[in-house]
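K.L.:
Have a look at this one before I ask anything.
The values are calculated or read from the model by the stated rules, or taken from the named source; none is laboratory data. Note that the structure is predicted; figures quoted are calculated from it, not measured. Don't worry about glycine lacking a Cβ; one is built from the backbone with ideal geometry, like all the others, and counts go over all protein chains shown.
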Amino acid sequence: MQQNQPKLISLIVPCLNEEDNVENIYNEICKVWNKQVAGYDFELIFVDDNSTDSTFSVLERLAKADSRVTALRLSRTFGHQKAIFCGMIHSTGDAAVQLD
């Protein structure tokens, strides 16, 4: 990493049946980050724990519109902790932060 390049923070968000909430958390993170966090970039990793609603469709749309967003979907419901672990495995940042 070059010294003048901002550090990357990986934000990991586990999701289960959150179709009404994931776009809101995305918008709030972007709003706060753009106003208050200088010198750091972020990647936002949503891990869908095999939701039965349209959570993953919303996540796919967000990922398609914003290259900072990664949408992952587990093949079955593994639980909250495994979803977080999956996000950590896929993170590429200098640090990883779990958001619930």
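K.L.:
Can you pull out every residue in segment 11-58 that is in contact (Cβ under 8 Å) with a residue 40 or more places away in the chain and among the hydroxyl-bearing types (Ser, Thr, Tyr)?
P.N.:
26, 55
K.L.:
Mind counting the residues in segment 56-87 that are surrounded by 14 or more Cβ atoms within 10 Å (Cβ to Cβ) and over 17 Å from residue 18 (Cβ atoms)?
P.N.:
Selection size over segment 56-87: 2.
K.L.:
Taking the residues in segment 59-87 that are in a helix (DSSP H, G or I) and over 12 Å from residue 13 (Cβ atoms) as candidates, determine which candidate is nearest to the chain's Cα centre (by Cα).
P.N.:
63
K.L.:
Taking residue 8, is it over 23 Å from residue 82 (Cβ atoms), outside any loop (DSSP other than H, G, I, E, B) and in contact (Cβ under 8 Å) with a residue 40 or more places away in the chain?
P.N.:
Judged against the criteria, residue 8 is a match.
K.L.:
Follow-up. Out of everything in segment 30-46 that is modelled with pLDDT under 95 and aliphatic (A, V, I, L, M), what residue ends up being nearest to residue 99 (Cα to Cα)?
P.N.:
Once the filter is applied, the top-ranked residue is 32.
K.L.:
Next question, about the same structure. Just the residues that are buried (at least 16 other Cβ atoms within 10 Å of the Cβ) and farther than 20 Å from residue 81 by Cβ, please, taken from segment 20-46.
P.N.:
If the condition is that a residue be buried (at least 16 other Cβ atoms within 10 Å of the Cβ) and farther than 20 Å from residue 81 by Cβ, then 26, 29, 33, 42, 43 are the ones that fit.
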